[in-house]
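Read the figures in this text as sums done on the coordinates, not as results from a lab. Only a predicted model underlies this, so the values are computations on that prediction, with no experimental measurement involved. Positions of Cβ are backbone-derived with ideal geometry, glycine not excepted, and every protein chain shown enters the neighbour counts.
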Amino acid sequence: MASSNAAPGNVQRWLPDRYAAHGRFVAELGEPLLVLLDPRPGERILDLGCGDGALTMKIAGAGAAVVGVDASAEQIAAARTLGLDARVADGQALPFDREFDAILTNAALHWMKDADAVIDGMWRALRPGGRLVGEMGGQGNVEKIGGALVAAMDRRGLDGRAAFPWYFPGPDEYRSRLESRGFEVSCIELIPRPTPLPADIGGWFETFGEAFLLAVPESERAAFIEEAREALRPALQDATGAWIADYVRLRFTAARPADEAR
Ligand code: BEZ
């Protein structure tokens, strides 16, 4: 699973080589969700925001028939090389109708700002009785990283907040959205998860923060990255030189009731 399902208008690009170097941990750290999902042979499962298919393969390995969707054509091409049924789709306009026993979504929903459209599509995609297991960036996620990028833009007279590409809800807000659509929520919680990065924080900016970088004139970009890096160094770099991202996950399990009337 990757973190890619950009909303229309989102400038973030997903380049498989760059993602493999700087984002492989996303699927690895998503593995606890598989335990919650508990995929069974013969089940039909949707992986929403499947990215390059790393976690999708594990669902398939359990014997389920899995469909992966992602907004990035590059990531879907990478997922197809693994032999997966992977399709380009906007998570805010899912085209499925009551065809899945379960949905898994990892590190993707925070890229989709129209949360109710996503929830509506997940509801429609599940059969009555179907289950939903998800994890996304939650309230407080990358607060320091995002703050440094916004501040470095603001210092240049650019509107950093307007470039902010993510949606990081708290549990009460997201529970209320799910329940408004009819989901029964069995668990929803924030999990602080400081996350060691595989390389320099500049690689993270380039892999996940293009909405900020591309808003800065190219001639200014190296200085912009350097400034954000130096602002973050005291808080996010440890004594060994490793960078630790200030991630907070919002994890939830829910179901479309079997006996619902709507
Ligand atoms: C996340 O997984 O929380 C995340 C990844 C990239 C950008 C922002 C958040």
Can you give the local net charge around L15? Use residues other than it whose beta-carbon is closer than 12 angstrom to its beta-carbon, Lys and Arg +1, Asp and Glu -1. -3
Rank the residues V35, V216 as a footprinting-exposure proxy: fewest other Cβ atoms within 10 Å of their Cβ go first. V35, V216
What FRET efficiency comes out for the pair A117/E230, r = Cβ-Cβ distance, R0 = 51 Å, nearest 0.05? 0.85
Take R181, project a point 7 Å from its Cα along the Cβ direction, then tell me which residues of the range 131-145 have their backbone nitrogen under 17 Å from it. 131-138
Nearest-5 percent of antiparallel DSSP beta bridges in the chain? 50
Starting from the Cα-Cα distance between V11 and R221, subtract it from 0.36 nm times their residue separation and give me the gain in nm to one decimal. 74.0 nm
Calculate the tail of P(r) for the range 38-131: the fraction of all Cα-Cα distances greater than 21 Å, expressed in %. 24
Computed FRET value (nearest 0.05) for L82 with D154, which takes r as the C-beta separation and R₀ as 35 Å: 0.25
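Please work out the FRET efficiency for the pair Q139 and F164, using the Cβ-Cβ distance as r and a Förster radius of 22 Å; give the result to the nearest 0.05.
0.95
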Quotient of C-alpha Rg and 2.2 N^0.38 Å, computed over the range 192-253: 1.25
Stokes-Einstein D for the chain (25 °C, 0.890 mPa s, Kirkwood Rh from Cα pairs), in µm²/s, comes to 131
May I ask you to order 17-23, 54-60 by the average number of other C-beta atoms within 10 Å around their residues, highest value first? 54-60, 17-23
Positive minus negative residues near P171 (Lys, Arg vs Asp, Glu; Cβ under 10 Å): -1
With the Cα gyration tensor of the range 65-205 in hand, give its eigenvalues times 5 under a square root as the equivalent ellipsoid semi-axes, listed largest first in whole angstrom. 29, 20, 15
GNM top mover of A65, A79, A239 - the chain, alpha-carbon springs below 10 Å: A239
